[in-house]
There are 2 protein chains.
Amino acid sequence: MRSLLLSSLCALLIALQPVVAVWPIPKKFKTGNTTLFLHQNLEIKYNDNLTQYTFGYEAATFDSHDIVRAGVSRALSTLFGEQFVPWMLHKPGDKFEPDVNGNLKWIKMLEITQTGKDDSEKILKPKAGEVDESYNLTLSADGEVKLTAVSSIGVLRGLETFIQLFYQHSAGTFWYTPYAPVEIEDEPKFDHRGLLIDTSRHFFPVDHILRTIDALAWNKMNRLHFHVTDSQSWPLEIPSMPELHKKGAHHPAFTYSPTDVDRIFKYGAMRGVQVYFEIDMPGHIGSVALSHPELITAWNARPYDAYCAQPPCGNFKLNSTKVDEFVKRLFDDLFPRISKYTSYFHTGGDEIKYKAYTLDDTVKSDKEDVLKPLLQKFFDKSHKQVRDAKLTPIVWEESVEKYNLALEKDVIVQTWTGDGKVQNVTSKGYGVIDSNVNYWYLDCGRGQWVLFDNNEYARGWPFNDWCGPTKSWQRIYSHDPRANLTAEQAKLVLGGEVAAWSETIDPLNFDPLVWPRASAAGEALWSGNKLESGQNRSQLEVAPRLFEWRERMVARGIRAAPLTQLFCTQRSPEECLWENPN
Amino acid sequence: MRSLLLSSLCALLIALQPVVAVWPIPKKFKTGNTTLFLHQNLEIKYNDNLTQYTFGYEAATFDSHDIVRAGVSRALSTLFGEQFVPWMLHKPGDKFEPDVNGNLKWIKMLEITQTGKDDSEKILKPKAGEVDESYNLTLSADGEVKLTAVSSIGVLRGLETFIQLFYQHSAGTFWYTPYAPVEIEDEPKFDHRGLLIDTSRHFFPVDHILRTIDALAWNKMNRLHFHVTDSQSWPLEIPSMPELHKKGAHHPAFTYSPTDVDRIFKYGAMRGVQVYFEIDMPGHIGSVALSHPELITAWNARPYDAYCAQPPCGNFKLNSTKVDEFVKRLFDDLFPRISKYTSYFHTGGDEIKYKAYTLDDTVKSDKEDVLKPLLQKFFDKSHKQVRDAKLTPIVWEESVEKYNLALEKDVIVQTWTGDGKVQNVTSKGYGVIDSNVNYWYLDCGRGQWVLFDNNEYARGWPFNDWCGPTKSWQRIYSHDPRANLTAEQAKLVLGGEVAAWSETIDPLNFDPLVWPRASAAGEALWSGNKLESGQNRSQLEVAPRLFEWRERMVARGIRAAPLTQLFCTQRSPEECLWENPN
């Protein structure tokens, strides 16, 4: 009863405050209730240089000033273009907009100060901790805006926050914030805040990937894990081996040319979203068999369940100099092109079923004592090449958890199979990116896609997939990769990634499955899902911001899913609160 | 082992046949392997009248010839417009298209014979069993097409099948079928094959509803259950009481005017998709309180869980002459406008929590012996008005299952709460529309949308919704509303509906949640999910057709979700079959 009263009191207090829907929520955040208008001819000052806002300015170089200038152009053209009149956040009939007649208080200048000097090498492709993403933003009641950051990327983060303070007025070309004065200090909890996309099971056009990078940047997410190949298809053009995509792509137009790759990686780098490729090996590489059958064992072997996790099977042979030569050639072709823009390369290594190697003429065994040294050699060789290209290797957790390989400690391990794995892997001394399937797999819970004939019907029924249920945004939000770790282990956790594995995702349903659920992970990684006191952030505070953020992303062209009914976005959150009726 | 061998043999036999992806599958269906081309200047003969195919012809009247002429126009312009080149159904590199050079065999005439005379009253708004939807379609190896049906609606069904036989050629304006000669006899298993949409929790624009009607017609589904109002909002304009939508809609533009209603109902009728409204009462009607607070009890009462199933609460007072007058005025306004196009009206009646009536000044009780006679009167009065307008009342199952009301036997009961309900309700002698939540609720399984504050966090975790998991297409397909019934009970089952309740569905994610899963129910209702032998249709036969059908719907502009990866649509189904590895 006492907690009910307390809860009601808290709910009341929250309801009395205006919703200030910045997502992710800044570390320190004070607002007022003065309304200010933003002029389209806003002047921009950057470290004492006066710059005009220019629509559609794209940076030609990676000079700090250019990065910032392009960031300002993007931020303001997003705000002026999104036409976000937030009627769906107010009770029908409520007059929530400021008067646009009479004397308006205008914001006339955005003053940006970058206090540090960007490291021209690292600003494009920072490893975890190598770029300072913090920023301070103040907006005085009389319209002075000051955005201060150490790095140009910090400025970009601050700009995203800045434009979230404004709404468009239904009267037309007026943009206002009702929240001045504003004081914000902000910085991320985790350095690595990513999304995994999978372009082997379904192809995603370049434009789709670019708009997804935009959405990541809006969410202050900074990594795009690009799982580009797998056993299903090989869409990546490797100019020295064009047969790979010519025989391996789902369709002649479903490929990424070197120009496409350059465009995607550069587009991300400019926005502080580092793109990195995964070419998964020695499993999940069957599509190479379509052009190089001699390199692959168990290609499309059946019953697939004996040889791999899903059809079609296909592993690199494990004791083959031809495979070594192929991998070298592949990396020699690819790495010089991407290492301008990225510090990472993911070599996969997940889900190997040992039985596949009984079919491998270079191995002919499924015995661990035979396979383990071969796997160790395979990983060591490929990682040496990765390092030689000045890239840091990333692998899936099985390498150290299941195959028990001894990898160098620069290798970053991506955990995924469930609870406790971050503890295990950090206790072995590896840096970790967490994608715990129980929280951060966005594809789960919509049903089985492999077929069951009538003789196995009962085994398949009711045809749920392996990792259901669908992870609710609240469950996604509840995950903290650093939970239950020692201080030393916690330091090894770089951050996490939500994963949009694409067995049943293509460009037609990607947006509503990824957004705004990925945003929930984005805030957990940037802001943390708990208050400084250690208490969970209340859904009464979090949910209305996420609902608003969904609407703003929709206004920007992302087909994000609704998380609640319109009645609830239009009312105070406690009108849609579950309360104990007893 | 024996069953494995048998299964492999069956798989092989199926693989050797070409996929003939008609959805839903006709009752009798023979195909060959002659390729025929369809000419854009196809001549159309209808009962000895020669008609030219005209792009975009809309019927002005409901004359049979006009219905057919519009149907032909729609079918052919769909085919010629969809640009469905089925590369995604063939292994990359396979040459699957016919040669378009040289002597092509052309289909030059489509000969349509309607053997019966439409009942001009019933053809627009048939009740279950009142229109004959059967048709025969033959396509000879030398290009003669004969489509025969008893009714004009049967002709429409046959036209949908006809255009599914064709693909567009990548060389341009060539449309071909590789399946001639074709012989089809077809008719539906169930008379009522519907989809429920919910425009109170989120608004769906008229255009969205019209395109959904198109998609229903393609799937030979013939009912759109339009749950138009609820406690969340009142989007329906009632000219005699404009305050209802003015105060009850989510947004001034989020309403259905009489013109909109006429357009939607007529659009459906023309396509053999009967639209019918549900105005749910005496529960689920809270939005009336926004304009008529005196009629409603427990409006937005809290904790909601004591008074209703979800926020906001709101029931009609149960012993109020003002409510009677209101309902009469509402029906008097609405029924004359819709009864041209529909034979049904759904009065709801679900999910009443008796405690709401403790707050009702006309009742002040939650006792069953007080409430039951009042509920009986309420249902009887409203149903009398429904009947007076020559409409048939439909209600949710609680009326006869939970409140144990004695309703007239013309009332159709919609079952939903789970297994066994069809048995119960048919054994009481009522006609049934089945929407078993365990199979046919399309909204389930994506997470909770009501909020849980920290004090109830543990109770909410992990924030799944009440009816998860998401129903896989296979599970949807597995449901037979007539399973485990006596012959007499089975006769009372009109059919079923899949339901897209819209707490977390709006126009942005509607398509991938509804399609192609609704198609799975569509086939279960039209064709039955079992062979004549009683055996389940094999997924090896069903799935490739559904995968193809999804691609064709996508080509027509529906953002249907992918059900498997592209590798599997491009290969024979047994390459994505789960087989026992032991």
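The values are calculated or read from the model by the stated rules, or taken from the named source; none is laboratory data. Keep in mind that this is a model prediction, so the values were computed, not measured. Every residue, glycine among them, receives a Cβ derived from its backbone with ideal geometry; neighbour counts consider all protein chains shown. SASA here: full protein model, heavy atoms, side chains in, ligands and nucleic acids out. Shrake-Rupley method; radii C 1.70, N 1.55, O 1.52, S 1.80 Å.
Structure summary
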{"read-out": "Gain in span if fully extended, A:Phe96 to A:Asn454, counting 0.36 nm per residue against the direct Cα distance", "value": "122.9 nm"}
{"read-out": "Dipole moment magnitude, nearest 20 debye, the protein assembly as shown about Cα centre, only Lys, Arg, Asp, Glu C-beta charged", "value": "300"}
{"read-out": "Overall form of region B:28-186 per C-alpha gyration tensor (a/c, 1.5; a/b vs b/c)", "value": "prolate"}
{"read-out": "Surface per residue (accessible, 1.4 Å probe) for region A:28-186, Å²", "value": "45"}
{"read-out": "Neighbourhood charge, 11 Å Cβ-Cβ cut-off, centred on B:Trp526 and excluding it, Lys, Arg +1 and Asp, Glu -1", "value": "-1"}
{"read-out": "For the pair B and A, total buried accessible area rounded to nearest 100 Å², probe 1.4 Å", "value": "8000"}
{"read-out": "Spin-label model distance (nm) - B:Val206 vs A:Asp63, 7 Å beyond Cα toward Cβ", "value": "5.6"}
{"read-out": "Inter-part distance where region A:160-202 and region B:48-81 are each reduced to a Cα centre, Å", "value": "50"}
{"read-out": "Selection from B:Ile279, B:Ser320, B:Ser240, by position along the positive dipole direction of the protein assembly as shown (Cβ)", "value": "B:Ser320"}
{"read-out": "Most positive-pole-ward Cα, B:Ile67, B:Ile123, B:Gly81, against dipole of region B:28-186 from beta carbon charges", "value": "B:Gly81"}
{"read-out": "Under the span-like rule (Cα at least 20 Å along the axis, Kyte-Doolittle mean at least -0.5), DSSP H helices of chain B", "value": "B:2-16, B:64-82, B:321-338, B:539-555"}
{"read-out": "Position B:Gly56, label points 7 Å along Cα→Cβ, spacing to each other copy in nm (shortest first, one decimal)", "value": "3.1"}
{"read-out": "Ranked by how many other beta carbons lie within 10 Å on average, peptides B:63-73, B:493-503, B:331-341 from highest", "value": "B:493-503, B:63-73, B:331-341"}
{"read-out": "Computed label-point distance, nm, for sites A:Lys364 and B:His251 using a 7 Å Cα→Cβ extension", "value": "7.0"}
{"read-out": "Shielding of B:303-316 by partner chains, average beta-carbon count, 10 Å", "value": "3"}
{"read-out": "Cα-based shape type of the protein assembly as shown, given that a ≥ b ≥ c are square roots of the gyration tensor eigenvalues and the cut on a/c is 1.5", "value": "oblate"}
{"read-out": "DSSP-defined antiparallel bridges as percent of all bridges, region A:28-186, nearest 5", "value": "65"}
{"read-out": "Unit charges on C-beta of K, R, D, E only; dipole of region A:264-400, Debye", "value": "500"}
{"read-out": "In region B:107-186, the GluC sites (Glu not before Pro) that fall in loop regions by DSSP, at most 13 other Cβ within 10 Å", "value": "B:Glu121"}
{"read-out": "Among beta bridges that DSSP assigns inside chain B, antiparallel share in %, nearest 5", "value": "35"}
{"read-out": "B:Ser240-B:Lys381 FRET efficiency (beta carbon distance; Förster radius 25 Å; 0.05 resolution)", "value": "0.85"}
{"read-out": "Gyration tensor verdict on region A:445-580 (Cα atoms; rounded if a/c is under 1.5, prolate if a/b is larger than b/c, oblate otherwise)", "value": "oblate"}
{"read-out": "Label-point gap, in nm, between B:Gln423 and B:Lys409 - each point 7 angstrom along Cα→Cβ", "value": "2.2"}
{"read-out": "Residue-averaged 222 nm ellipticity for chain A, from DSSP H runs of 4+ at -39500 (n - 2.57), nearest 500", "value": "-9500 deg cm²/dmol"}
{"read-out": "Region A:15-110 - charge dipole about Cα centre, Lys and Arg +1 at Cβ, Asp and Glu -1, debye rounded to 20", "value": "400"}
{"read-out": "Segments A:381-394, A:431-444, B:35-48 sorted - mean Cβ within 10 Å per residue, highest first", "value": "A:431-444, A:381-394, B:35-48"}
{"read-out": "Under 18 Å from the A:Lys28 label point (7 Å along Cα→beta-carbon), backbone N, region A:508-537", "value": "A:527-528, A:531-534"}
{"read-out": "Rounded percent of accessible protein surface that carbon and sulfur make up, the protein assembly as shown, 1.4 Å probe", "value": "50"}
{"read-out": "Pseudo-label separations to other copies for B:Asp324 - Cα-to-Cβ vector, 7 Å, nm", "value": "9.4"}
{"read-out": "Nm distances between copies for B:Asn41, ranked from closest, using label points 7 Å along Cα→Cβ", "value": "6.2"}
{"read-out": "Cleavage-rule hits, trypsin sites (Lys or Arg not before Pro), region A:116-161, DSSP coil, Cβ neighbours within 10 Å at most 12", "value": "A:Lys117"}
{"read-out": "Theoretical FRET efficiency, 1/(1+(r/R0)^6), r = Cβ-Cβ of A:Lys117 and A:Ala483, R0 51 Å, to 0.05", "value": "0.90"}
{"read-out": "Cross-link table B:Lys266/B:Lys317; A:Lys367/A:Lys421; B:Lys353/B:Lys384; A:Lys266/A:Lys402; A:Lys328/A:Lys402, entries beyond 32 Å C-alpha to C-alpha", "value": "B:Lys266/B:Lys317; A:Lys266/A:Lys402"}
{"read-out": "At R0 = 51 Å, FRET efficiency that the Cβ-Cβ distance of A:Asp388 and B:Asn438 yields, to 0.05", "value": "0.35"}
